[in-house]
Amino acid sequence: MSPLRVSVLEREPALPGWARADPAWSPLVLGWTDTAGAPVGDALVLRRRVPGSRRFLALLPQPPRLGGLEREASLWRPQAVALLRALGAFAVRVGLGAPSASHAVPELVGAGRAPDRLPADLR
């Protein structure tokens, strides 16, 4: 079981230009917390609905910002995929770009953030 938990954050994300240009994409922000409930990171998810269906394609243009843990996909990907599928995603795609600035959690913006809040075995 992963020491990280994922949930949907109720925040307005910064969208990439191509997503702003195409209204078919709707944004969603996923947030990860550690076992104590402290915020660890977040990721932008863009959803594109299938016409005539409630299902959607979920795209993470970049991996989440998790204080270095984003390289360990087994810590964050299964929970994110399970949550998105529960919300109606038929497929989840993750871009290969490097994580950019935090999308939603102001206290995560900055250099010295999550690693000191994580359990010692994950630092």
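The values are calculated or read from the model by the stated rules, or taken from the named source; none is laboratory data. Note that this is a predicted model, so its numbers are computed, not measured. Neighbour counts run over all protein chains shown; Cβ positions are idealised from the backbone, glycine included.
On the stretch given as region 75-85, residues that are touching a residue at least 12 places away in the same chain (Cβ under 8 Å) and either in a loop (DSSP other than H, G, I, E, B) or out of contact with any helix residue (DSSP H, G or I) (no Cβ under 6 Å at 6 or more places or on another chain) (or both) total 7. Consider region 1-36. How many of its residues are assigned to a loop (DSSP other than H, G, I, E, B), within 24 Å of Arg71 (Cβ to Cβ) and in contact (Cβ under 8 Å) with a residue 24 or more places away in the chain? The qualifying residues number 9. Any residue at all in region 47-60 that is within 10 Å of the chain's Cα centre (by Cα) and of a type in the set (Val, Ile, Thr)? No, region 47-60 contains no residue that is within 10 Å of the chain's Cα centre (by Cα) and of a type in the set (Val, Ile, Thr). Of the residues that make up region 107-119, is at least one within 16 Å of the chain's Cα centre (by Cα), exposed (fewer than 14 other Cβ atoms within 10 Å of the Cβ) and either at pLDDT 90 or above or assigned to a loop (DSSP other than H, G, I, E, B) (or both)? Within region 107-119, one or more residues are within 16 Å of the chain's Cα centre (by Cα), exposed (fewer than 14 other Cβ atoms within 10 Å of the Cβ) and either at pLDDT 90 or above or assigned to a loop (DSSP other than H, G, I, E, B) (or both). Of the residues making up region 43-74, those that are touching a strand residue (DSSP E or B) at 6+ places or on another chain (Cβ under 9 Å) and assigned to a helix (DSSP H, G or I) are Leu69, Glu70, Ala73. Within the option set Ala14, Ala73, being farther than 21 Å from Leu87 by Cα, surrounded by fewer than 16 Cβ atoms within 10 Å (Cβ to Cβ) and of a type in the set (A, V, I, L, M, F, W, C) holds for one residue only, Ala14.
Scanning region 37-66 for residues that are modelled with pLDDT under 90 and either over 18 Å from Leu9 (Cα atoms) or basic (Lys, Arg) (or both) yields one hit, Arg65.
Comparison of Leu60, Leu4, Leu66 shows that the only residue that is touching a Ser or Thr at 6+ places or on another chain (Cβ under 9 Å) and crowded, with 17+ Cβ neighbours inside 10 Å is Leu4.
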